[in-house]
Amino acid sequence: MYSTECLIFEHDNIVRMLNVIRHACCGILEGAEINDADFRNMIDFVRNYADKHHHGKEEKILFPEMVSKLGPVAETLITHGMLVEHDLGRSHILGLETALNEYKENKTTEHKLDILTEAMAYAHLLQIHIEKENSVVFTFAERQLGEDVFSEIDKRCKDFEKAAEEAGTQKHYLDMLSRLEAKYTV
Ligand SMILES: [Fe+2]
Ligand SMILES: [Fe+2]
């Protein structure tokens with residue numbers, strides 16, 4: 001299906017960013033200074049590509065169809081699972097931003113620890129979240145939602161992608177990802 005293929009492609013890109021975050025954290029443990037601008041870019045990518053752009057399609061297009069058409073299993077999987085994890089991710093990113101702000105004011109080891117803790121908590125959460133969506137949630141949707149429902153989901157995802165492309169969203173964030181990847185993971 002176009003929609004799930006698109007979401008899985010985005011998962012691959014998000015995992016690449018999780019890898020950047022992990023390497024940046026390892027660098028700090030090995031004595032590197034915290035690069036505030038790079039961490040702000042990681043937050044920007046997470047908020048606008050992983051959350052607004054990617055979770056936007058899940059939360060506005062795919063998940064509501066699953067919840068309304070697939071009964072209590074979807075309710076448990078989506079409403080009490082995936083959506084809770086999206087919110088938890090947002091709170092770790094807010095925690096990371098707060099820790100960066102505090103570290104900027106006062107460069108203590110404790111604030112540095114908060115940066116590492118929130119960044120790695122987010123990376124760990126999203127890694128597991130993405131594995132669950134790829135292996136359970138999307139396959140469940142593909143098996144259970146009818147072809148007509150999926151063709152409507154696909155159409156709405158295509159329109160969403162097209163509007164974002166016109167705004168330059170994908171290119172902007174994938175370029176940012178490549179720059180950070182070249183710096184941190186090679
Ligand atoms: Fe998700
Ligand atoms: Fe996802």
task: Along each of the three principal axes of the Cα atoms of region 111-169, give the extent in whole Å, ordering the values from largest to smallest.
output: 51, 32, 10
statement: Nearest 10, in degrees from 0 to 90: the angle of helix 109-132 to the longest Cα principal axis of the chain is 20
field: Order of 142, 102 - criterion: other Cβ atoms within 10 Å of each residue's Cβ, fewest first
entry: 142, 102
Helix axis angle, 169-184 relative to the chain longest principal axis, alpha carbon, degrees: 40
- prompt: Under a no-solvent Debye model with one identical scatterer per Cα of the chain, what's log10 I(q)/I(0) at q = 0.11, 0.16, 0.18, 0.19 Å⁻¹?
  reply: -0.52, -0.98, -1.16, -1.25
field: region 63-122, relative contact order in percent, only Cα pairs under 8 angstrom and at least six apart counted
entry: 30
- prompt: Given Cα pairs under 8 Å that are at least 6 residues apart, what percent is the relative contact order of the chain?
  reply: 42
query: If you plug each phi of region 78-92 into the Karplus form 6.51 cos²θ - 1.76 cosθ + 1.60 with θ = phi - 60°, what whole-Hz ³J(HN,Hα) values come out, in order, with x for Gly and Pro?
result: 8, 5, 9, x, 4, 5, 5, 5, 4, 5, 4, x, 4, 6, 5
- request: In whole angstrom, note down how far apart the Cα centers of region 4-43 and region 132-186 are.
  value: 18
query: About its Cα centre, how strong a charge dipole does the chain have in debye, to the nearest 20, once Lys and Arg get +1 and Asp and Glu get -1 at the Cβ?
result: 180
- request: Rounded to the nearest 10 degrees, what's the angle between the helix 147-166 long axis and the longest principal axis of the chain, both from Cα atoms, 0 to 90?
  value: 40
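FYI, it's all coordinate maths here, none of it is from the lab. Please read these numbers as outputs of a predicted model, since none were measured by experiment. Glycine also receives a Cβ, built like all others from the backbone with ideal geometry; neighbour counts cover every protein chain displayed.
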